[in-house]
Amino acid sequence: MNVLVIVNDQPYGSERPYNALRLATALSKREEVELRVFLFGDAVMCAIAGQQLPEGHYHLDRMLKPLIRRGEVACCGTCMDARGLEEAKLVEGARRSTLEELADWALWAERTLTF
């Protein structure tokens, strides 16, 4: 089954990106699932490598790494530009993408989950 997870919210201050990545991780462990994750809007900031957080906080950049190994993680390029985020600052394996690619992924997906 082809599953697309779209994440829209800011990385911290809301539990939605965290829960989206938790669910995506659980789905990625199923052999019958092919998974793609698209980070939109403020969610592109989830993919910044080397985040420095207080002890006890979850690290969204680290949560993306197993998803990259088992599927694809793409970030909206327009959203990255609006936030001054360069591709070189992304977690290894996450990449800049386009709305056109998201449209292709939406057609590819049998299920789309949006957070």
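By how many nm would the segment from residue 95 to residue 81 grow when fully extended, if each residue of separation counts as 0.36 nm and the alpha-carbon distance is taken off?
3.7 nm
Name the long-range amide H neighbours of residue 113: under 5 Å, sequence gap of 5 or more, or other chain; modelled H, no Pro or chain starts.
4, 5, 6
Among DSSP beta bridges lying fully in the chain, give the percent that are antiparallel, nearest 5.
Values: 1 of 18 bridges.
If I count the DSSP bridges inside the chain, around 5 percent turn out antiparallel.
Each residue of segment 68-80 in order: what ³J(HN,Hα) in whole Hz does its phi give by Karplus 6.51 cos²θ - 1.76 cosθ + 1.60, θ = phi - 60°, with x for Gly and Pro?
Once rounded to whole Hz, the list reads 5, 5, 9, x, 10, 10, 10, 10, 4, x, 5, 5, 4.
Could you work out which residue, out of 97, 14, 28, moves most in a Gaussian network model of the chain, that is, has the largest mean-square fluctuation with Cα springs under 10 Å?
14
Please report, as a whole percent, how much of the solvent-accessible surface of the chain comes from carbon and sulfur atoms (probe radius 1.4 Å).
Carbon plus sulfur share of accessible area: 48 percent.
Return one whole number: the accessible area per residue of the chain in Å², for a 1.4 Å probe.
55
Can you compute the radius of gyration and Dmax for the chain, using only the Cα atoms, both in Å?
Using the Cα atoms of the chain, the pair Rg, Dmax is 13.0, 40 Å.
Find the relative contact order for segment 1-48 and round it to a whole percent, using C-alpha pairs within less than 8 Å whose residues are 6+ positions apart. Mind dumping the intermediate values first?
Values: 66 pairs, mean separation 26.0, N = 48.
Relative contact order, segment 1-48: 54 percent.
In the chain, which cysteines lack any other cysteine Cβ under 4.7 Å from their own?
46, 75
What list of ³J(HN,Hα) couplings, whole Hz, do you get for segment 98-106 from phi and the Karplus terms 6.51, -1.76, 1.60, once you set θ to phi - 60° and write x for glycine and proline?
Per-residue couplings from phi come out as 9, 5, 4, 5, 4, 4, 4, 5, 4 Hz.
Which whole-Hz ³J(HN,Hα) couplings does segment 6-14 yield from phi under the Karplus relation 6.51 cos²θ - 1.76 cosθ + 1.60, θ = phi - 60°, glycine and proline marked x?
Karplus values, whole Hz, x for Gly and Pro: 10, 10, 10, 7, 4, x, 10, x, 9.
For segment 32-108, what's the relative contact order in percent, using C-alpha pairs closer than 8 Å and at least 6 residues apart?
That works out to 37 percent.
At residue 19 and residue 70, where each label point lies 7 Å from the Cα along Cα→Cβ, what is the point-to-point distance in nanometres?
Rounded to a tenth, the inter-label distance reads 2.0 nm.
How big is D, in µm² s⁻¹, for segment 53-98 by Stokes-Einstein at 25 °C and 0.890 mPa s if Rh is the Kirkwood radius over C-alpha pairs?
Answer, rounded: 212 µm²/s.
The values are calculated or read from the model by the stated rules, or taken from the named source; none is laboratory data. Keep in mind that this is a model prediction, so the values were computed, not measured. Every residue, glycine as well, gets a Cβ built from its backbone with ideal geometry; the counts of neighbours run over all protein chains shown. Ligands, DNA and RNA are stripped out before the accessible areas are found, and what is left, the full protein with its side chains, is counted by its heavy atoms. Shrake-Rupley method; radii C 1.70, N 1.55, O 1.52, S 1.80 Å.
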